[in-house]
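Taking it in order: structure first as structure tokens, then the write-up.
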């Protein structure tokens, strides 16, 4: 068997984003992986200290378009803690709705890309087509398909009236059976099972060692979800089931994501049922922000997202630091890729739902 | 005079060369159209493969610095010519019988390995690591499907040979003639396992999902074709269009060559090709995902090979 | 004779222009435009294959290059190298505001946008992220430009 | 109601003999956030070891250079009183403040260490595998040295860019590249003026 | 193989492709597209400039007045300008047809000037900006707003106080 070093990336069709792996292979088997990061490093932490507190809401939203609701939400939560702003209850529910809509779309996207990497184009198209329902919701309710711009400091800037709620419910009623059908497909389809079961296994011990978060951790049996461990927004008033699986392979991660998409649909319905009346923001203007520091956490589609903000006597924050879920999960790839086949590299990398633009900022 | 022109004409115009090319491209267009429909899309125009070819002819060919130029550019040409020749070897029941001097079924089998070999050469000549991986995968695939193919052909040839009182007959016209008098092999239970094995051979030989492993876009960036561009890539497209006509035509000849004489025979042949393309190729490629090379290899050793052996044994014992 | 030749040339050009193959380069984008490009290209709802478009895995097969992202310092060389591998004639499309002006990432030490400083851009599709219809609109404009170059 | 162990402050004080400054806050939803400033950066490793034994997960590491507070001019004849952080490190606008955020079953505990400019800090990577990337990152953002790091290469920033990017505080619109606001606006103004 | 059912459904049901670009495209009413600026409503408070994260909005003082400029190729369509604008002078339309050839890159801009006028009360040079009356009861009529436009800040304050306004 011959030995090669194959470069995967930085510009590779299988990778949605530029990431560079140097993979030493022996025949078709991976012998060693070296990850070279930084291709999407745009210096956003630096930019965040150059923009004022309100501009940063938009800046953090543009860190990544797939988790584009979680970033401004965590950032706004941190600023609200510093300024002592109390978000009205209606806004808390609306934040959850926005969050869960993004989660459905993001998880479906990842699962569909899995089908694409397996070469199952029809299934990929089918899942993406189902995801379009959520995209339509985003465009109709928020006005953009990716960066929904739901959060502002002090609340949200969109509202759902009776008509909007009816539309949302109608879309969810169409979406829920479609997601259930996709879940059944992924559970039983031979092509998917043959390429994902037992591939890229991460043991629970390694998962704890690497401190992985989100669906990757839950697929290894680690029962950690920020929404239940450290509730924020309206999650303390909602029923949030946490899904875990024990196998830790690519398939388990996909199944966790699908289960969470289904849960998210349920959560949106719970929110619509409980949605209280009241203002959607505690202030319509730009509130003064005193000096201070705060930490805020939320559960992005990929796992725990943590923000640290320090403000000083200036319109610009002194430091905004965040740690995205993918940042923790990259390291686990070394364990998953050990002994994998070339054909599975892209599938395994995709299984952690790598958000490179989040990770490298 | 006319006799001596016969062979070149068969290769260049009909049924090989231009005719087969036009037919192959149309079949590809149909295939893409049906696949799109199955996926819930409109899909490209029927003539899209023609447009692609014209476009490629207008583009510039780039030769990578690491490549060996004569081999790099010669490989697709050899492949296309070999397939044009192969197309001239496939009879059309009731309409066209190839000159026995051109070669028989065994020659056809040899010619059918040329595209794979050409892709391997292309892959290694391009000097890219993906080409090299494509090379080894192409080789593995070839090893996997050639065995069953030979056994299937042997089963059919033996059936014909034994039926005629001989042992084996590797002459396609004879196989066709035998079926026209004794009924198509499609309805012969002894050859059903062979037919099943042959249907598995289609996607592997045509390089489509689930067996497009050597050219997998998301794994090895189209493998051997990665470095090709412009007219050279066009030659590969021509090769693959011709190959589709050859292997589909071979299937028709082996299993269901029943057709009326004259121009109607040609029409019936076309209908069969289209049906086979849509059922054996389009539907298959949209309804499953890609296998890993080791899975594909094991699959071929397990099913098609066993089925072909079974069929051959049945024929030999019956 | 010349008119016949001319007719042949216009006809082949027309046919060739019906087969624009697309290659996407991510120059450090936030994913938004890439996901929308993938959506546009691959899902039944938008189906650019109607226009004869096809996404290809190798830059050498491409005719239209879609570039997303603000061109980070780290990715610049790779982008330029891959761009050079696309054979002429080609058309370049900047998708999203990032490659056009740097968008929201302007003023960062790691961002080199605008893209047009490093390679010739033909069509801009502003948006953050542009919706698939807008991308199709931009691709249609790119095809028109490309036809002139064939 | 905080889910953090009640003895946390005591235990941390025991592991950090140089002294700690501990505050804790629990929000309306029952999520706690504790801040523990270490008087001496040398106490970081024992304190982190304690956190590890507590079952904590290292969430992330934040490094910053807090701005020096404005000090009133000293009275005549008196030496100026320089502001310091807890523990006595000068707050001169150059000192690094490194926050280690730990997650204890949903609650956050932050250990804070102050490192004088040009100083170094012990690596937590041998203790927490996941400290690898955050520590590489803080080394490229600031000129602090993490001693004992197994793989102190650059993480994200391209070699073509000078290191310690957040420390140098690159002036707005004065970068070498063309993406600056000023240059673009000049172009826009010139063009719109002539075409519209 | 259980996917065959979906394929057959597609075969029978036909394509789900939208007609665009060969037909009209659907655009939701709330779509956040190209920004439009209404000079008549602008108070010149510059809130939009301060919240515009990519710096697509810029105000300059020129001899003719306060110039508002906005470049669509920098805009990230976040809508914060619209959100924080006190008088809805800046609004996002549903127009998404922004693709353009690169030659037209710099013409994709809005350029409006809030002109200098002489205060209709005291004659001092002032900007003809729209008022933002908060808490005025009964609300201003169109003529009153027109009058307010041409008052300098001092005189405007006086006039508002007469009407019992808070700002």
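The values are calculated or read from the model by the stated rules, or taken from the named source; none is laboratory data. Predicted model, so just to flag it, every value in this text is computed and none were measured. Quick reminder, even Gly has a Cβ in these numbers, built from the backbone with ideal geometry, and neighbours come from all protein chains shown.
Looking only at residues in region E:44-74 that are crowded, with 18+ Cβ neighbours inside 10 Å and in contact (Cβ under 8 Å) with a residue 40 or more places away in the chain, which one is nearest to residue E:118 (Cα to Cα)?
Out of the qualifying residues, it is E:65.
With surrounded by fewer than 23 Cβ atoms within 10 Å (Cβ to Cβ) and in contact (Cβ under 8 Å) with a residue 60 or more places away in the chain as the only criterion, which of B:268, B:286, B:245 stands out? First the steps, then the outcome.
Details: B:286 fails: surrounded by fewer than 23 Cβ atoms within 10 Å (Cβ to Cβ); B:245 fails: surrounded by fewer than 23 Cβ atoms within 10 Å (Cβ to Cβ).
Unique residue meeting the criteria: B:268.
On the given criteria, is residue C:119 surrounded by fewer than 23 Cβ atoms within 10 Å (Cβ to Cβ), within 14 Å of chain E (Cβ to nearest Cβ), over 21 Å from residue E:20 (Cβ atoms) and modelled with pLDDT of 85 or more? Don't jump to the end; show me each part of the working.
Values: surrounded by fewer than 23 Cβ atoms within 10 Å (Cβ to Cβ): yes; within 14 Å of chain E (Cβ to nearest Cβ): yes; over 21 Å from residue E:20 (Cβ atoms): yes; modelled with pLDDT of 85 or more: yes.
Spelling it out, residue C:119 is indeed surrounded by fewer than 23 Cβ atoms within 10 Å (Cβ to Cβ), within 14 Å of chain E (Cβ to nearest Cβ), over 21 Å from residue E:20 (Cβ atoms) and modelled with pLDDT of 85 or more.
Which members of region A:192-224 meet the condition of being buried (at least 22 other Cβ atoms within 10 Å of the Cβ) and either more than 21 Å from the chain's Cα centre (by Cα) or assigned to a helix (DSSP H, G or I) (or both)?
A:192, A:195, A:196, A:207, A:210, A:214, A:215, A:216, A:217, A:218
Pick from region D:27-49 the residues that are in contact with a helix residue (DSSP H, G or I) (Cβ under 7 Å, 6 or more places away or on another chain) and surrounded by fewer than 19 Cβ atoms within 10 Å (Cβ to Cβ): which of them is modelled with the highest pLDDT?
The selected residue is D:46.
So which helices (runs of 4 or more DSSP H) stay within region D:109-196 end to end and still have 1 or more residues that are modelled with pLDDT of 70 or more and within 22 Å of residue A:321 (Cα to Cα)? Steps first, answer last, please.
Values: elements: D:132-141, D:165-168, D:181-195.
By residue number, D:132-141, D:165-168.
Kindly evaluate residue C:111 against the criterion of being within 14 Å of the chain's Cα centre (by Cα) and surrounded by 24 or more Cβ atoms within 10 Å (Cβ to Cβ). Walk me through it before giving the result.
Details: within 14 Å of the chain's Cα centre (by Cα): no; surrounded by 24 or more Cβ atoms within 10 Å (Cβ to Cβ): yes.
Answer is no for this residue.
From E:115, E:130, E:121, grab the single residue that is free of Cβ contacts under 8 Å to residues at least 60 places away in the same chain and assigned to a loop (DSSP other than H, G, I, E, B).
Details: E:115 fails: assigned to a loop (DSSP other than H, G, I, E, B); E:130 fails: free of Cβ contacts under 8 Å to residues at least 60 places away in the same chain.
Step by step, each of E:115, E:130, E:121 is checked, and only E:121 is free of Cβ contacts under 8 Å to residues at least 60 places away in the same chain and assigned to a loop (DSSP other than H, G, I, E, B).
Is there a residue in region C:47-68 that is facing chain A (nearest Cβ under 7 Å), in contact (Cβ under 8 Å) with a residue 40 or more places away in the chain, within 12 Å of the chain's Cα centre (by Cα) and not in a helix (DSSP H, G or I)? Spell out the reasoning first.
Within region C:47-68, the first condition is being facing chain A (nearest Cβ under 7 Å), and the residues that meet it are C:57.
When the remaining residues are screened for being in contact (Cβ under 8 Å) with a residue 40 or more places away in the chain, the result is none.
Within region C:47-68, not a single residue is facing chain A (nearest Cβ under 7 Å), in contact (Cβ under 8 Å) with a residue 40 or more places away in the chain, within 12 Å of the chain's Cα centre (by Cα) and not in a helix (DSSP H, G or I).
For region A:286-317, which residues satisfy the criterion of being in contact with a strand residue (DSSP E or B) (Cβ under 8 Å, 6 or more places away or on another chain) and more than 16 Å from residue A:81 (Cα to Cα)?
So the first thing to find is which residues in region A:286-317 are in contact with a strand residue (DSSP E or B) (Cβ under 8 Å, 6 or more places away or on another chain), and the list is A:289-299, A:304-312, A:317.
Matches in region A:286-317: A:299, A:304, A:305.
Considering each of D:15, D:84 in turn, give the residue that is more than 14 Å from chain A (Cβ to nearest Cβ) and in contact (Cβ under 8 Å) with a residue 12 or more places away in the chain.
Numbers: D:84 fails: in contact (Cβ under 8 Å) with a residue 12 or more places away in the chain.
None of the others qualify; the one that does is D:15.
Output the residues belonging to region C:71-105 that are more than 22 Å from residue C:41 (Cα to Cα), touching a residue at least 24 places away in the same chain (Cβ under 8 Å) and surrounded by 24 or more Cβ atoms within 10 Å (Cβ to Cβ).
C:71, C:72, C:74, C:75, C:102, C:103, C:104, C:105
Looking at region B:38-52 only, could you name the residues that are within 13 Å of chain E (Cβ to nearest Cβ) and surrounded by 21 or more Cβ atoms within 10 Å (Cβ to Cβ)? Reasoning before the result, please.
Start the filter on region B:38-52 by keeping residues that are within 13 Å of chain E (Cβ to nearest Cβ), which leaves B:38-45.
The answer is B:38, B:39, B:40, B:41, B:43, B:44.
For region E:23-86, please list each of the strands (runs of 3 or more DSSP E) lying entirely inside it that holds at least 1 residues being farther than 27 Å from residue A:141 by Cα.
On the way: elements: E:35-37, E:57-61, E:65-71.
By residue number, E:57-61, E:65-71.
Mind telling me which of the residues B:253, B:259 ends up being buried (at least 22 other Cβ atoms within 10 Å of the Cβ) and either touching a residue at least 40 places away in the same chain (Cβ under 8 Å) or within 14 Å of chain A (Cβ to nearest Cβ) (or both)? Show your work before the answer.
Numbers: B:259 fails: buried (at least 22 other Cβ atoms within 10 Å of the Cβ).
Of B:253, B:259, the one residue that is buried (at least 22 other Cβ atoms within 10 Å of the Cβ) and either touching a residue at least 40 places away in the same chain (Cβ under 8 Å) or within 14 Å of chain A (Cβ to nearest Cβ) (or both) is B:253.
Can you name the number of the only condition in (1) touching a helix residue (DSSP H, G or I) at 6+ places or on another chain (Cβ under 8 Å); (2) at pLDDT 85 or above; (3) crowded, with 18+ Cβ neighbours inside 10 Å that residue B:33 fails?
(1) is the only condition that residue B:33 fails.
Of the residues that make up region A:273-281, is at least one at pLDDT 85 or above, more than 14 Å from every other protein chain (Cβ to nearest Cβ) and either in contact with a strand residue (DSSP E or B) (Cβ under 6 Å, 6 or more places away or on another chain) or not in a loop (DSSP other than H, G, I, E, B) (or both)?
Within region A:273-281 (the criterion being at pLDDT 85 or above, more than 14 Å from every other protein chain (Cβ to nearest Cβ) and either in contact with a strand residue (DSSP E or B) (Cβ under 6 Å, 6 or more places away or on another chain) or not in a loop (DSSP other than H, G, I, E, B) (or both)), the answer is yes, since at least one residue qualifies.
Condition check: closer than 30 Å to residue A:185 by Cα and surrounded by 17 or more Cβ atoms within 10 Å (Cβ to Cβ). Does residue E:31 satisfy that?
Values: closer than 30 Å to residue A:185 by Cα: no; surrounded by 17 or more Cβ atoms within 10 Å (Cβ to Cβ): yes.
For residue E:31, the condition - closer than 30 Å to residue A:185 by Cα and surrounded by 17 or more Cβ atoms within 10 Å (Cβ to Cβ) - is not met.
Which one of A:57, A:82, A:53 is under 17 Å from residue A:286 (Cβ atoms), in contact with a strand residue (DSSP E or B) (Cβ under 7 Å, 6 or more places away or on another chain) and surrounded by fewer than 24 Cβ atoms within 10 Å (Cβ to Cβ)?
Working: A:57 fails: surrounded by fewer than 24 Cβ atoms within 10 Å (Cβ to Cβ); A:53 fails: surrounded by fewer than 24 Cβ atoms within 10 Å (Cβ to Cβ).
Testing whether each residue is under 17 Å from residue A:286 (Cβ atoms), in contact with a strand residue (DSSP E or B) (Cβ under 7 Å, 6 or more places away or on another chain) and surrounded by fewer than 24 Cβ atoms within 10 Å (Cβ to Cβ) leaves just A:82.
Identify, please: which residue in region C:136-150 is touching a helix residue (DSSP H, G or I) at 6+ places or on another chain (Cβ under 9 Å) and at the interface with chain E (Cβ under 8 Å from one of its Cβ atoms) and is, among those, nearest to residue B:56 (Cα to Cα)?
The extreme case among them is C:140.
Kindly indicate which of A:349, A:320 is touching a residue at least 12 places away in the same chain (Cβ under 8 Å), crowded, with 24+ Cβ neighbours inside 10 Å, in a helix (DSSP H, G or I) and over 13 Å from the mean Cα position of the chain (by Cα). Before the answer, list the steps.
On the way: A:320 fails: in a helix (DSSP H, G or I).
Being touching a residue at least 12 places away in the same chain (Cβ under 8 Å), crowded, with 24+ Cβ neighbours inside 10 Å, in a helix (DSSP H, G or I) and over 13 Å from the mean Cα position of the chain (by Cα) holds for just one of A:349, A:320, which is A:349.
Out of everything in region E:2-15 that is on the phi < 0 side of the Ramachandran plot and outside any helix (DSSP H, G or I), what residue ends up being surrounded by the fewest Cβ atoms within 10 Å (Cβ to Cβ)? Before the answer, list the steps.
Step one: list which residues in region E:2-15 are on the phi < 0 side of the Ramachandran plot, which gives E:2-13, E:15.
So of that shortlist, the ones also outside any helix (DSSP H, G or I) come out as E:2-3, E:15.
Numbers: E:2: 13, E:3: 22, E:15: 17.
By that ranking, first place goes to E:2.
Could you list, in sequence order, all residues of region C:74-111 that are farther than 21 Å from residue A:55 by Cα, within 11 Å of chain A (Cβ to nearest Cβ) and not in a helix (DSSP H, G or I)?
C:74, C:75
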